[in-house]
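Here's the structure we're looking at; comments come further down.
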Amino acid sequence: MPQTNASHDPALRSWIESANDPGTDFPIQNLPLCVVDRGESDPRICTAIGSSLVDLLELGDAGLLGEPDDDVVLALQGENLNLLMEQGPEAASALRRRLQSVLRHDNDALRDRAGLRAQAVFPIDGARFLMPVRIGDYTDFYACMNHARNVGAMFRPDNPLLPNYTWVPIGYHGRASSVVVSGTPVRRPHGQVKADDQPVPALVPSAMLDHELEFGVIIGQGNALGEPVAIDHAWSRVFGVCLVNDWSARDIQKWEYQPLGPFLAKNFGTTISPFIITRDALAPFHAPALARGEGDPRPLPHLFSEADQREGGLNVTLEVFIQSEAMRQAGRSPTLLSRGSLRDMYWTFAQIIAHHASNGCNLLPGDLIASGTISGGTRDSRGCMLELTWDGPGVPGSPPPGRTPVRLPTGEERRFLADGDEIIIRGSCERPGFRRIGFGECRGVILPAQR
Ligand code: MN
């Protein structure tokens, strides 16, 4: 399990002054990795620090990150982080140590070389982010019980939570090809929808487009086909984490989801944040797993570990904002839709990974595994429009509860998302005695359906 070390020392400062601002997402204790299109050259792996990006290929070429034939330096020549991820956790930790050293306030190796600095350091504002990782497989879970219970209650008021929920981390295989990086517009999908008052379905643009507030882990070192991962080794398979918006078309979902689960209602687009926050950067922010309910069973032995119960949770605050087209035109900033916490996950990521590999399924470097919608116990912490606008839970046996739309500052109302709406997810970790770290933003604007 994760341990803090000298790289988490809150007293560490950088010569990049914006990194020392207490409000920044990217202090020198964070150093997330991303991939940027710098125009004239191949995609560049960069780290974010304060309001700047640092091009790691430039640093590597200048010899600031180790010998030219060093595996970590060679991995930085890739178009994405996969080469680095394949090298295992020690490579990521080594890169973190070397970067932190170069960027410390008292290191002049880059600070005092104006030419190199001008080439390697540039502003985050205006940067064109690319997919940080080549994702081979994407699995989405359903690990937050509040969400499962709310959605279950809408469809089965008398029996919201299915009996397998407390035993099995429920998931489905998503589609990796349509995972896009923050800033990529998402087109409203067409799909087969059957209205309650119609005898037959029709192919129409989704009228119930939704966001899902989620959190993802990117697998670093995988497991061989046929070899399960022990729960106490599961977290060490994670390279890093990101914010995820699992866009969902509820009307398509409602018609197609039985009996095999979501399909076209989900796989038209999934947005991830551009920054991969490394496992090392998260070490101070582990927390106990969510306590199970009174009557809940103890998980089977392969999904239970004392260490995971003690530290398998993550103390991450997650927020969702919306900005409509009219808000943009009026110059209004995005408005908060909900605020939740990753502490509300019923299953930890270690349990999810151990479960995923328990049948011998091989996880590979670059796989994305997402939490499922994160919702808290209060209305203002519900992580999707389906839940946010829902007036339930109703009394068993009574008519289903109604929906109250969300009101935007322009007076507009939303039950689901409209064309032109932009959804922005933010996240951060705080703990007394440590520097706050943030995750940047996961953004996507809805384009009208294709005619
Ligand atoms: Mn989802």
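Quick notes
- Scanning segment 30-50 for residues that are part of a loop (DSSP other than H, G, I, E, B) and either touching a Ser or Thr at 6+ places or on another chain (Cβ under 7 Å) or open to solvent by 60 Å² or more (accessible area, probe 1.4 Å) (or both) gives L31, P32, E40, D42, G50.
- Residue in segment 269-285 that is small (G, A, S) and away from the ligand (no atom under 16 Å from the Cβ) present: yes
- Scanning segment 308-319 for residues that are within 16 Å of the ligand (Cβ to nearest atom), touching a residue at least 60 places away in the same chain (Cβ under 8 Å) and surrounded by 17 or more Cβ atoms within 10 Å (Cβ to Cβ) turns up at least one hit.
- Checked against (1) touching a helix residue (DSSP H, G or I) at 6+ places or on another chain (Cβ under 7 Å); (2) of a type in the set (G, A, S); (3) under 30 Å from A92 (Cβ atoms); (4) not in a helix (DSSP H, G or I), A265 passes all but a single condition, namely (3).
- Members of segment 92-134 found to be small (G, A, S) and in contact with a helix residue (DSSP H, G or I) (Cβ under 8 Å, 6 or more places away or on another chain), listed by number: A92, S93, A94, A109, A120
- Subset of segment 399-440 [in contact with an Asp or Glu (Cβ under 9 Å, 6 or more places away or on another chain), in contact (Cβ under 8 Å) with a residue 24 or more places away in the chain and in a strand (DSSP E or B)]: V406, R414, E422, I424, I425, R426, G427, S428, I437, G438, F439, G440
- The residues of segment 344-373 that are more than 22 Å from M85 (Cα to Cα) and within 14 Å of the chain's Cα centre (by Cα), listed by number, are M345, G372, T373.
- Applying the set (1) under 24 Å from A357 (Cβ atoms); (2) at pLDDT 95 or above to D106 leaves exactly one unmet item: (1).
- Restricting L83, L53 to those that are open to solvent by 10 Å² or more (accessible area, probe 1.4 Å), within 24 Å of R128 (Cα to Cα), among the hydrophobic types (A, V, I, L, M, F, W, C) and not in a loop (DSSP other than H, G, I, E, B) reduces the list to L83.
- All told, F129 meets the bar of being of a type in the set (F, W, Y), within 26 Å of the chain's Cα centre (by Cα) and farther than 26 Å from H355 by Cβ.
- The number of residues in segment 335-350 being more than 16 Å from the ligand (Cβ to nearest atom), open to solvent by less than 10 Å² (accessible area, probe 1.4 Å) and more than 10 Å from A143 (Cα to Cα) comes to 1.
The values are calculated or read from the model by the stated rules, or taken from the named source; none is laboratory data. As the structure is a computational prediction, the values presented were derived from the model and not from experiment. Backbone-built Cβ (ideal geometry, glycine too); neighbour counts: all protein chains shown. Remember, those area values only see protein heavy atoms, side chains included, never the ligands or the DNA or RNA. Shrake-Rupley method; radii C 1.70, N 1.55, O 1.52, S 1.80 Å.
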